[in-house]
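What follows is a short report on a single structure.
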Amino acid sequence: MTRVTVWAEYRQERSDPAVRAVYPDGIHAVIADGLRAVAHEVRTASLDEAEQGLSDATLAETDVLIWWGHVAHGDVDDAAVERVRARVLDGMGLIVLHSGHHSKIFRRLMGTSCDLNWREAGERDAPCGPGDATGEGVRQDLAFHRRDARQAPPWSHRRRVPGLAPWPASHEEMNVIRLAWEGPAG
């Protein structure tokens, strides 16, 4: 059975009545309930817990960490980021949701700013620059079919991260950033 920890800031649910009305126990609780329904061993953790919910003991008992970040990226302790980073490099899975592309852990692992550009309907951008070995064999006709879409800046302007490659696709229903990254543990 996969041991999953669902981590969230759990700030907006406590401070914004509209968000609290939808997620009274936090969005991490809703995600955890969905995972429990398919027989995973699931725990939740949040930013305001001891060690920000990311103690060595918790991470040692986690096969996959699901990270929900939105408004408090800067409040995450660098020590907590380093503990998560070490576990990811040791083989723990990490799924970063929502605006977690700006989380300290995602930026630390990717080695880039993880800033996004805004694209309008019909605009195209190649996921990799010409002659870029990172994109060898990757489709170059990435298109966004919604009124607007977020995407990572062109690959030619980003630091190369060994093992990181774009996972291209078109999406008509949502904005998605997909990257496939194989860490040292495979």
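Assorted remarks:
- Only residues that are under 13 Å from E51 (Cβ atoms) and of a type in the set (D, E) were counted in region 72-94, giving 3.
Residues checked against (1) surrounded by fewer than 16 Cβ atoms within 10 Å (Cβ to Cβ); (2) aliphatic (A, V, I, L, M):
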| residue | (1), (2) |
| --- | --- |
| P24 | yes, no |
| G34 | yes, no |
| E41 | yes, no |
| S46 | no, no |
| E49 | yes, no |
| T62 | no, no |
| H70 | no, no |
| V76 | no, yes |
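- Selected residue [without any contact (Cβ under 8 Å) to a residue 12 or more places away in the chain and assigned by TED's automatic domain parsing to the domain that holds I105] from A50, A60, A45: A50
- Filtering region 14-21 for residues that are touching an Asp or Glu at 6+ places or on another chain (Cβ under 6 Å) and of a type in the set (A, V, I, L, M, F, W, C) leaves a non-empty set.
- Taking region 23-42 as the range and being free of Cβ contacts under 8 Å to residues at least 24 places away in the same chain and not charged (D, E, K, R) as the test, the residues that pass are Y23, P24, G26, A29, V30, G34, A37, V38.
The values are calculated or read from the model by the stated rules, or taken from the named source; none is laboratory data. These figures come from a predicted structure and were not determined experimentally. With ideal geometry, Cβ positions are generated from the backbone for all residues, glycine too; neighbour counts draw on all protein chains shown.
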